[in-house]
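Q: Mind having a look at this structure? Questions to follow.
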Amino acid sequence: MGTFLGHLVPGIFFTIFGFYHVIRVLQCYFSSLYFPQQHPFRSQVCWSSPGRVPIEAYVKVIVVVVGIIGEVFTAFDADWNFVKIGNGQHITMFAFFGLHGVVDLLNAYQGQIVPIGLDYLSGVLAFGIEGVLFAWHLHGRPAIDVQVHTHLVYLIIMCAVGGIWEMNCRHDVKAALTRSTFMVLQGLWFVVVGQILYPISGNQWNSESHEQMMIVSMIFCWTVGLAVVLELLMAMLMLKIAKRRYGQIPAHVSSSTQQGVPMQNTNGGYHQLNLNDPVLKMFSDDDDEL
């Protein structure tokens, strides 16, 4: 990751997955508002349906394998000595996210034997390992380098905390949005870190300048604000689409649905709202049951 590209790639990965999960969570939430009996809110760590190919899980595994291969081949010198210990840390991090992807695949194909919540637990473990590795990635580095990676560790910790909260509150939209939002933030901040440490244009940052370190903190806060604004715009767009198709949200929606308490339907299933709109078709499943 010692290049701008090395920070850009994981940044794009986390940002895309984070926004994808935000969209699916919002979709499921609006579904629960319009159809509280048929479509109660229930979050998932991997949005796939029984009988369908778990594309998300496969993407996780494939991306991890490609990342590990790249780190392995760039870790050796001309004499094939493993000299880049940082690559070893990155390989370790990728491996645990790969384990999470494998658990998602097991859950999709052998869900009856996989303990409930193991998919969330493996994700929390992956974020925990990532946080530990980055926390010990800072020794002897310049001040701004330490600062930007410390902010990154904060975001990683919040991803793990959000995952634990969501694992224990599957019917609470706030928990699902917390985990998804911090995934987005982690991805965006990866890109910012790459631009600060390895600028593709402009001058290098003064790593010992207190003023520039203050600017870095402001950029971090602006990144948080950007993620929140983008998610609010997504929510407004999806709500507008839903209202155009289904009208106003029914006045009889129970407060228990709003507060994250599930309302069971007669079949005991948990289904997704299909807004049947080109903008959302690619995210829609007819039967997202667990």
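Taken together, the values in this text are just the output of simple stated rules run on the coordinates, not laboratory data. Predicted, not measured: the structure shown is a model, and the values here were computed from it. In this analysis, Cβ positions are derived from the backbone assuming ideal geometry, glycine residues included, and neighbour counts consider all displayed protein chains.
Q: So, in nm, how far is label THR3 from label ILE241 when the simple model puts each one 7 Å beyond its Cα toward the Cβ?
A: The modelled label-to-label distance comes out at 3.7 nm.
Q: Tell me, what HN-Hα J-couplings in whole Hz come from the Karplus equation 6.51 cos²θ - 1.76 cosθ + 1.60 at θ = phi - 60° for each residue of segment 73-84, using x for Gly and Pro?
A: Once rounded to whole Hz, the list reads 5, 9, 8, 9, 8, 5, 9, 6, 9, 6, 10, 9.
Q: Here's a follow-up. Roughly how large, in nm² to one decimal, is the mean projection of the convex hull of the alpha-carbon atoms in segment 1-83?
A: 7.4
Q: Can you tell me how segment 31-170 classifies by the Cα gyration tensor, rounded, prolate or oblate, using a/c under 1.5 as the rounded cut?
A: Because a/c hits 1.5 or more and a/b fails to exceed b/c, segment 31-170 counts as oblate.
Q: Under 1.5 on a/c is rounded, so check that first for segment 4-283, then, if it is not, pick prolate when a/b is larger than b/c and oblate when it is not; a ≥ b ≥ c are the square roots of the alpha carbon gyration tensor eigenvalues. Let's see the in-between values first.
A: Values: a/c = 2.37, a/b = 1.59, b/c = 1.49.
The shape class here is prolate.
Q: To the nearest 0.05, what FRET efficiency results for ILE157 and VAL114 with a Förster distance of 25 Å applied to their C-beta separation?
A: Working: r = 26 Å, r/R0 = 1.05.
Rounded to the nearest 0.05, the efficiency is 0.40.
Q: Extending each Cα 7 Å along its Cβ direction at LEU232 and TRP165, get the distance between those two points in nm, one decimal.
A: Taking the simple label geometry, LEU232 and TRP165 are separated by 1.8 nm.
Q: Same structure, new question: Between segment 88-104 and segment 28-81, what's the alpha-carbon centroid distance in Å?
A: Centre-to-centre distance over Cα atoms comes out at 12 Å.
Q: Step through the residues of segment 213-229 one at a time and calculate ³J(HN,Hα) from phi using the Karplus curve (6.51 cos²θ - 1.76 cosθ + 1.60, θ = phi - 60°), rounding each to whole Hz and writing x for Gly and Pro.
A: Karplus-based 3J(HN,Hα) across segment 213-229 equals 5, 5, 5, 4, 5, 5, 4, 4, 5, 5, 5, 4, x, 4, 4, 5, 4 Hz.
Q: Turning to a different aspect of this structure: Place the peptides 75-88, 223-236, 142-155 in order of packing, highest mean first, counting for every residue the other Cβ atoms within 10 Å and averaging per peptide.
A: 142-155, 223-236, 75-88
Q: Show me the ranking of peptides 110-122, 206-218, 26-38, 126-138 by mean Cβ neighbours inside 10 Å, starting with the highest. Could you put the intermediate results ahead of the total?
A: Values: 110-122: 14.3, 206-218: 12.7, 26-38: 20.7, 126-138: 18.6.
Ranked by mean Cβ neighbours within 10 Å, highest first: 26-38, 126-138, 110-122, 206-218.
Q: Next question, about the same structure. At 7 Å along the Cα-to-beta-carbon direction for both VAL59 and LYS84, put a label point, then send me their distance in nm to one decimal.
A: 2.6
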